[in-house]
Amino acid sequence: MHSAHRFRVLATVATVVTLACGGARKKDTAGGEAGRQLALESIYDRLMTMSPTAAVALGYHEFDGRLPAIGQADLEAQINSLRLMEQQLKSPVPGRELDQQILLAEIRGRRFQLEVMARPWRDPLFYLSKLGIDDYVSRPYASAVVRSQAIIRLARATPGFLMAAERNLSKPMPRTYVQTGLLVARGLISFANDDARKQLGSLPPAKRKALDQALGEYTSALEAHARFLEDKLERANDDFRLGKESFLRMLEMTEGLTISLEDLQSIATSDLERNRQALIDAALELAPDATTAQAVEQVRRDRPTPSELLSQA
């Protein structure tokens with residue numbers, strides 16, 4: 001991957017961050033500093049390898065069709081690797097401070113998802129979010145044949161992937177997590193049966209047959225997983241809340257923000273009041289004789305319809 005491109009974007013389950021890149025990769029000819037420069041590149045590559053679905057979304061199509069390893073030992077190894085990466089990024093990298101801080105935030109965010117939220121053992125979306133095929137269907141980055149091959153590879157790996165996921169999701173899960181997982185699983189099935197087959201319908205007959213067979217395996221695995229989640233609903237609980245301590249730890253690990261809950265609430269309340277007053281002031285300027293709610297409704301009505309939007313843009 002070219003450094004100037006790779007450090008423009010980095011994926012977070014759930015987001016994408018834009019980076020201010022520090023230029024082309026430097027050879028390790030200047031001792032420790034150059035070594036730290038190369039460490040940034042190496043860590044970025046390893047993060048992409050850990051999250052091939054996110055890498056594909058960023059345009060790294062050498063990861064097409066791949067799914068991550070999600071066995072218990074694989075997840076434990078990933079946690080250990082993230083801890084090691086964080087240690088490697090502790091020393092300053094002159095001229096690359098922004099890249100370094102963003103990588104640290106990404107690593108700490110992943111650690112939070114794994115170590116604190118325990119998502120691989122509590123949240124079906126941790127797995128289902130990696131099974132989308134829309135990047136291959138909706139983005140014409142290559143020929144339909146090339147993209148269909150990526151779908152086939154992912155689809156054929158899906159049954160084993162979901163079986164491993166179900167082994168990890170053996171304990172009772174939060175009800176909202178299970179319900180969301182069911183919605184996503186059914187959405188993936190619908191997209192595969194309708195959009196994918198329609199958009200890639202012009203493939204040569206042999207290629208189309210191979211795709212249809214793979215999509216059949218894919219949707220069958222998702223249907224079986226949906227039944228698994230339906231069974232899990234019977235033992236689901238309401239233990240979805242982070243709680244105060246985990247919430248503050250999330251802010252520290254994912255946003256680099258150390259703050260008390262009281263100070264955070266005070267800031268939020270002040271910002272809410274500022275925005276509320278700005279809305280009242282704008283409404284008075286727009287419609288002096290109307291209430292704020294009436295002015296908002298007037299603005300809501302005064303807009304183009306979906307069919308008019310592009311012509312008026």
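Name the residue, out of Ile70, Ile107, Ile102, Ile151, that is at pLDDT 95 or above, of a type in the set (Val, Ile, Thr) and under 24 Å from Glu245 (Cα atoms).
Going through Ile70, Ile107, Ile102, Ile151 in turn, the sole match is Ile107.
Which ones in the stretch 221-231 are loosely packed, with under 14 Cβ neighbours inside 10 Å and more than 18 Å from Ser170 (Cβ to Cβ)?
Glu223
List every residue pair whose Cβ atoms lie under 7 Å apart, where the two residues are 6 or more positions apart in sequence or sit on different chains, the first residue falls within the stretch 86-105 and is within 10 Å of Ala39 (Cβ to Cβ) and assigned by TED's automatic domain parsing to the domain that holds Arg36, and the second residue, located anywhere, is modelled with pLDDT of 90 or more and of a type in the set (Val, Ile, Thr).
From residues that are within 10 Å of Ala39 (Cβ to Cβ) and assigned by TED's automatic domain parsing to the domain that holds Arg36, the pairs are Gln88/Ile43; Leu89/Ile43; Leu103/Ile43.
Taking the stretch 40-66 as the search range and keeping residues that are of a type in the set (A, V, I, L, M) and buried (at least 19 other Cβ atoms within 10 Å of the Cβ), which one is nearest to the chain's Cα centre (by Cα)? Spell out how you get there, then give the answer.
Just the residues of the stretch 40-66 that are of a type in the set (A, V, I, L, M), to begin with: 40, 43, 47-48, 50, 54-58.
Checking which are buried (at least 19 other Cβ atoms within 10 Å of the Cβ) leaves us with 40, 43, 47-48, 54-56, 58.
On the way: Leu40: 21, Ile43: 18, Leu47: 13, Met48: 12, Ala54: 7, Ala55: 10, Val56: 12, Leu58: 11 Å.
Among residues in the stretch 40-66 that are of a type in the set (A, V, I, L, M) and buried (at least 19 other Cβ atoms within 10 Å of the Cβ), the one nearest to the chain's Cα centre (by Cα) is Ala54.
Can you name the residue in the stretch 188-218 that is surrounded by fewer than 14 Cβ atoms within 10 Å (Cβ to Cβ) and of a type in the set (Gly, Ala, Ser) and, of all such residues, is farthest from Pro159 (Cα to Cα)?
Out of the qualifying residues, it is Ser202.
Could you please find all residues in the stretch 161-183 being buried (at least 19 other Cβ atoms within 10 Å of the Cβ) and β-branched (Val, Ile, Thr)?
Once the filter is applied, which keeps residues that are buried (at least 19 other Cβ atoms within 10 Å of the Cβ) and β-branched (Val, Ile, Thr), the stretch 161-183 yields only Val178.
Scan (1) crowded, with 20+ Cβ neighbours inside 10 Å; (2) assigned by TED's automatic domain parsing to the domain that holds Gln37 for the single condition Lys130 breaks and write down its number.
(2)
Return the only residue of Glu76, Glu86, Glu62 being part of a helix (DSSP H, G or I) and within 21 Å of Ala157 (Cα to Cα). Walk me through it before giving the result.
Numbers: Glu76 fails: within 21 Å of Ala157 (Cα to Cα); Glu86 fails: within 21 Å of Ala157 (Cα to Cα).
Answer to the selection: Glu62.
Residues of the stretch 136-162 being in contact with a Lys or Arg (Cβ under 9 Å, 6 or more places away or on another chain) and not hydrophobic (A, V, I, L, M, F, W, C), which ones?
Tyr136, Arg139, Pro140, Tyr141, Arg147, Ser148, Gln149, Arg153
Would you list the helices (runs of 4 or more DSSP H) that sit entirely within the stretch 112-223 and hold 1 or more residues that are in contact with a Phe, Trp or Tyr (Cβ under 6 Å, 6 or more places away or on another chain)?
119-122, 144-168, 175-190
With Thr269, Thr292, Thr305 as the choices, which residue is under 33 Å from the mean Cα position of the chain (by Cα), among the hydroxyl-bearing types (Ser, Thr, Tyr) and either surrounded by 10 or more Cβ atoms within 10 Å (Cβ to Cβ) or in the same structural domain as Ile107 (by TED's automatic domain parsing) (or both)?
Result of the check over Thr269, Thr292, Thr305: Thr269.
Within the stretch 67-82, how many residues are exposed (fewer than 13 other Cβ atoms within 10 Å of the Cβ) and not hydrophobic (A, V, I, L, M, F, W, C)?
Number satisfying all stated conditions: 4.
Given the options Met85, Met117, name the one that is more than 30 Å from Gln199 (Cβ to Cβ), surrounded by 13 or more Cβ atoms within 10 Å (Cβ to Cβ) and touching a Ser or Thr at 6+ places or on another chain (Cβ under 8 Å). Step through it out loud before you land on a result.
On the way: Met85 fails: touching a Ser or Thr at 6+ places or on another chain (Cβ under 8 Å).
The match here is Met117.
Checking Glu234 against (1) surrounded by 11 or more Cβ atoms within 10 Å (Cβ to Cβ); (2) assigned by TED's automatic domain parsing to the domain that holds Tyr177, which test does it fail?
(1)
The values are calculated or read from the model by the stated rules, or taken from the named source; none is laboratory data. Note that this is a predicted model, so its numbers are computed, not measured. A quick note on method: Cβ atoms are made from the backbone with ideal geometry, for glycine too, and the neighbour counts reach across all protein chains shown.
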